[in-house]
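Down below is the structure, laid out as structure tokens.
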Amino acid sequence: MRIAVIFNLYRPDTIGVYFERALCQLGHEVLQVTPAQLAQLTTPCDLYFRIDDGDYSSPPPSHLRPAVYWVSDTHLALKRIKPLSIRYDLVFCPMKDGVESLKRAGADVVWIPGGCCDPEIHKRLDLERDLDIGFVGTDGGVPRKFYLQELRERYPNSYIGQADYRNISDIYSRSKIGFSYAIRRETLTMRSLEIMACGTLCLTNPPKDDTVEVLGLQDRQHLVLYRSPGELFQLIDHYLSHPRERTAIAEEGYKTAVGRLTYQHQLIQMLDIIEKKNLLSKAVLKQGVSSRFQEVIKGKSQESL
């Protein structure tokens, strides 16, 4: 199947790149275009797949169908997303509050669980775990920046800051604990799954929605949830001093992340929904898909999702 994946390549690790990679790995022919280039696209595609990148200025041309939109930043730009969302045949959104708001605006929107990893980029490396805490990202404003500053002061033997996405696996594979903090707690963050995919214990605040449960993750079995600053530091001290317990949870999180919470798995689920919505025929959906994933597409993916 030929798919136009539409996003601006503002940075090499923008989420559209991960979706593009996963579609190629599933055996589809992918054309990456920007929203501004889409109107001039002359190559016909079976699907036009828009990825949220913060640009809400370009609605899909009416003649390019079916058009699908994956939108994540409803908590940041809902007013701008609403009028754009109704121009698409189908919208996927990992934010449950956003789903309800877009439905009220008239969009055909489906909730899709947040949290994915790319095991070829986010991977466990055979490195000494010589860092206490790992966090790759920006300070992110209040209150996360206060958490991060306290972590820097309490655990100086850590990596807390920004880094090239190609170094993420190195940093988390060296870390005993990976820290995550969703500022508005909308859903499970991508960072959490990236930490788990590196075989590192993920310590994160719980999302407001039920994504953790829907994804089959359990507190203290696949990851560890903290609900206050006091509990956070208590848990860090506990798991730093109990390596066997820490490693056991990290191993379960790793197997789950790379086994069934990848971008490929999420795309298989989305393509199945698109087909059930009669936007694509099953024959077109399977066209060009590599044999490696034929069994997954035939139904095994639903067991794991």
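Computed from the coordinates by the stated procedures, all read-outs in this text should not be read as laboratory data. Fair warning: this is a prediction, and the values are worked out from it, not measured in the lab. Here Cβ is always computed from backbone atoms with ideal geometry, including for glycine, and neighbour counts include all displayed protein chains.
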- Would you mind ranking Leu26, Leu261, Leu225 so that the residue whose beta carbon has the fewest other beta carbons within 10 Å leads the list? Leu225, Leu26, Leu261
- Item | Calculated FRET value between His238 and His75, using beta carbons and R₀ = 35 Å, to 0.05 | 0.65
- Extension gain, Val214 back to Arg104 (0.36 nm per residue minus Cα-Cα distance, nm): 37.2 nm
- Beyond 18 Å, what percent of the Cα pairs of the stretch 77-125 remain? 38
- Message: For a Förster distance of 22 Å, can you work out the FRET efficiency between the beta-carbons of Glu29 and Ile86, rounded to the nearest 0.05?
- Response: 0.15
- Helix-only CD estimate at 222 nm, as mean residue ellipticity for the chain, using -39500 (n - 2.57) per DSSP H run (n ≥ 4): -11000 deg cm²/dmol
- Task: Only Cα pairs under 8 Å and at least 6 apart count here; give the relative contact order of the stretch 131-260 as a rounded whole percent.
- Result: 23
- Message: With N set to the number of residues, divide the alpha-carbon radius of gyration of the stretch 27-146 by 2.2 N^0.38 Å and report two decimals.
- Response: 1.33
- Any idea how far apart Asn278 and Asp55 come out in nm if each label point goes 7 Å out from Cα toward Cβ? 3.4
- Message: Taking R0 as 25 Å, what FRET efficiency do you get between Phe146 and Glu231 from their Cβ-Cβ distance, rounded to the nearest 0.05?
- Response: 0.95
- Note on the structure: Expressed in angstrom, Rg and Dmax over the Cα atoms of the stretch 131-260 are 13.2, 36
- Note on the structure: Counting Lys and Arg as +1 and Asp and Glu as -1 over every other residue whose Cβ sits under 15 Å from the Cβ of Val224, the net charge comes to -1
- Note on the structure: Rounded to the nearest 10, the angle in degrees between the Cα long axis of helix 15-25 and the longest principal axis of the Cα atoms of the chain comes to 70
- Kindly identify the stretch 96-192 as rounded, prolate or oblate by the Cα gyration tensor criterion: order the square roots of the eigenvalues as a ≥ b ≥ c, call it rounded if a/c is under 1.5, otherwise compare a/b with b/c, prolate if a/b is larger, else oblate. oblate
- Query: Within the set Lys79/Lys277; Lys208/Lys255; Lys255/Lys276; Lys79/Lys103; Lys176/Lys208; Lys123/Lys255, which residue pairs have Cα atoms separated by over 20 Å?
  - Reply: Lys79/Lys277; Lys208/Lys255; Lys255/Lys276; Lys176/Lys208
- Could you tell me which trypsin sites (Lys or Arg not before Pro) in the stretch 87-188 are loop residues by DSSP with no more than 14 other beta carbons within 10 angstrom of their beta carbon? Arg184
